[in-house]
1. Can you tell me the order of 67-77, 49-59 when each peptide is scored by its average per-residue count of other Cβ atoms within 10 angstrom, highest first?
2. Going Cα to Cα from LYS34, which aspartates and glutamates come in below 17 Å? Please leave out same-chain ones fewer than 8 positions away.
3. Cα convex hull of the chain: mean projected area in nm², to one decimal?
Amino acid sequence: MANSAQARKRARQGEKQRKHNASLRSTLRTAIKKVRKAVEAGDKAAAQTMLQSSQAVIDRIADKRIMHKNAASRNKSRLAQAVKAMA
C-alpha cells in the first residue's frame, strides 16, 4: 500500500486512467466486432460503413497508445480485406 500522500495520489490517478483505458479498449473491440458481424451477415453496404467508422475508432485509440500502431494497422487491414472479399 502507498505510504506517502504523493504515492496515494499516483495510485488514485493510475486507477482512474486504467478504467478509462479499459473503456476505450472495450469501444475498440466493439467496433471490430460490428464489422465482423456485418461481414458474416453478408451485408456489404453495412460492412463498408461499419469498416469506415471502425477505422476511425482504431486510429483514435492507436494514437492514444491504448493499442500499438502496428496492431491497429493489422486489424484495419484484415477487416478491409474481409469486406473486400465479400461477393
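1. Result, highest mean first: 49-59, 67-77.
2. Hits, sequence-local ones excluded: ASP43, ASP59.
3. 6.5 nm²
Every number here is computed from the coordinates shown, using simple stated rules; none is lab data. As the structure is a prediction and not an experimental result, all values here were calculated from the model. Please note: Cβ atoms are built from the backbone with ideal geometry, for glycine as well, and neighbour counts cover all protein chains shown.
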